[in-house]
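Coordinate-derived values only; no laboratory data. Note that the structure is a prediction, hence the values are computed from the model and not measured. Here the Cβ positions follow ideal geometry from the backbone for every residue, glycine too, while neighbour counts run over all protein chains shown.
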There are 2 protein chains.
Amino acid sequence: MNTRQPDQTRQTILAAAYAEIHRQGFQAASLARILADTSLTKGALYHHFPDKKALGLAVVEEVIRPELTAAMLTPVARAEHPLRALQALLEAKAQTADEALLTLGCPLNNLMQEMSPVDEDFRRQLNRLFTDWVAVVAEALARGQAAGEVRRDLDARQTAYFVVSALEGCIGMSKNTQSPAAFRGCALQLAGFLEGLKA
Amino acid sequence: MNTRQPDQTRQTILAAAYAEIHRQGFQAASLARILADTSLTKGALYHHFPDKKALGLAVVEEVIRPELTAAMLTPVARAEHPLRALQALLEAKAQTADEALLTLGCPLNNLMQEMSPVDEDFRRQLNRLFTDWVAVVAEALARGQAAGEVRRDLDARQTAYFVVSALEGCIGMSKNTQSPAAFRGCALQLAGFLEGLKA
DNA sequence: CAAAATACCTACCGGTTGGTATGCTGTAGT
DNA sequence: ACTACAGCATACCAACCGGTAGGTATTTTG
């Protein structure tokens, strides 16, 4: 019988680290607290990850990236009508009122705000993820332009950058305000901005 | 000769704490590092402030609030033409390319992102400052509506909330991207949004 | 089946953290 | 000039931090 399942163990640690980092931030995240959730010890952690920083970067790449991809990139990438897809995403976000995501904020944005100034490796890796996101939105806008649904006089890349930034801004402010209504209002305004992009 | 100047000492500590918190965040900010900049010791710090948290809250109220007021609230509050004033502020921010503010981000937003989920006192105090900011912008928009310069069909308060959120979002993303050009483009898009509010 | 490598645990380490207890000193009030 | 207290320095503390050393048990490999 298999009592040891290293892959499973690794995933357990990653999941616990993700939760802890989401709540406390990376620097304030405690390895002891991460391990307290699991029934594992430091030996297991340091067997799978060389140090705390590597654990954090692994969380970004193996937890946050897939989640963000599933939630935001794929829907937009597939969409035939990009503006409608973006507005639908906003609508969905506003409705669900995801407790964790509203009070704790976007994990990607949280880490960018915290780590970009203090660690170059973190900054680069987070920027890659962010850039990918912007690229997907930009491509969607460009497809909209080609289809005559989106104004041709605007810079797709720059507009995409703004849309993602504004969304992150809205989520961030709502984290402070702690009111789903406030976020909904904010998302509504952003939807209004998107409306203004129509050809 | 006066060798002791308690007010001056207090300000010195506040300034050093502000710089350290701006760089590292509040939780990661070290009292030892704060005091290393000044030539003071823990005795001085704990004479003027009961604990680290009180120091942090004092920084918010006595350093960040006045700075933000001077930089963003007052200009907007005085402006006759609110939309033009907001756009001028964006323009100014984009031009100066303030090193510290671009790579380290907005001190208010940084603290909101970090502290809102983990400390209710911080959240409330930061939210007061943020709310004041939104209120000033909202009043400016309302004045614009009264003057017939701004569309009357929009909710001034909600629009103001979005404008401030989007601005913070743009600053935050630029902190990660570390390119003044990216922030300029983002600010440009926000200016475009403001343009769409004209009557 | 033996040997080697992997997976994980326990105990511990040096360093840093925020915080405190105590003592010296300049200075204002009388 | 004496007192009393504010203003600060020094020395120290327990708790916690990330990380390591060394052992044990379970696999995989030859």
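If I filter the stretch B:105-119 down to residues being in a helix (DSSP H, G or I) and of a type in the set (S, T, N, Q), which single residue comes out as nearest to the chain's Cα centre (by Cα)?
Here the residue is B:N109.
Yes or no, residue by residue, for (1) within 30 Å of B:E20 (Cβ to Cβ); (2) free of Cβ contacts under 8 Å to residues at least 60 places away in the same chain:
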residue	(1), (2)
A:T9	no, yes
A:Q27	yes, no
A:E91	no, no
A:L104	yes, no
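Taking the listed residues A:L57, A:L90, A:L14, the one that is at negative phi and more than 16 Å from DNA strand D (Cβ to nearest atom) is A:L90, with no other qualifying. When you scan the stretch A:150-158, do you find a residue that is within 11 Å of chain B (Cβ to nearest Cβ) and among the polar types (S, T, N, Q), even just one? Scanning the stretch A:150-158, I find at least one residue that is within 11 Å of chain B (Cβ to nearest Cβ) and among the polar types (S, T, N, Q), so the answer is yes.
Within the stretch B:70-89, restricting attention to residues that are part of a helix (DSSP H, G or I) and touching a residue at least 60 places away in the same chain (Cβ under 8 Å), the residue that is nearest to B:R128 (Cα to Cα) is B:L73. When A:E20 is tested against (1) touching a residue at least 40 places away in the same chain (Cβ under 8 Å); (2) more than 8 Å from DNA strand D (Cβ to nearest atom); (3) closer than 22 Å to A:D121 by Cα, just one condition goes unmet, and that condition is (1). Is one or more of the residues making up the stretch A:35-56 in contact with a helix residue (DSSP H, G or I) (Cβ under 6 Å, 6 or more places away or on another chain), in contact (Cβ under 8 Å) with a residue 60 or more places away in the chain and within 29 Å of B:N109 (Cβ to Cβ)? No, every residue in the stretch A:35-56 fails to be in contact with a helix residue (DSSP H, G or I) (Cβ under 6 Å, 6 or more places away or on another chain), in contact (Cβ under 8 Å) with a residue 60 or more places away in the chain and within 29 Å of B:N109 (Cβ to Cβ).
Among the residues making up the stretch B:169-189, those that are aliphatic (A, V, I, L, M) and under 19 Å from A:K175 (Cβ atoms) are B:I171, B:M173.
Identification of helices (runs of 4 or more DSSP H) wholly contained in the stretch A:1-69 with 2 or more residues that are within 10 Å of DNA strand C (Cβ to nearest atom), surrounded by fewer than 15 Cβ atoms within 10 Å (Cβ to Cβ) and more than 14 Å from chain B (Cβ to nearest Cβ) yields A:6-24, A:42-48. So which residues in the stretch A:165-187 are at the interface with another protein chain (Cβ under 7 Å from one of its Cβ atoms) and more than 22 Å from B:M115 (Cβ to Cβ), if there are any at all? Matches in the stretch A:165-187: A:A166, A:G185.
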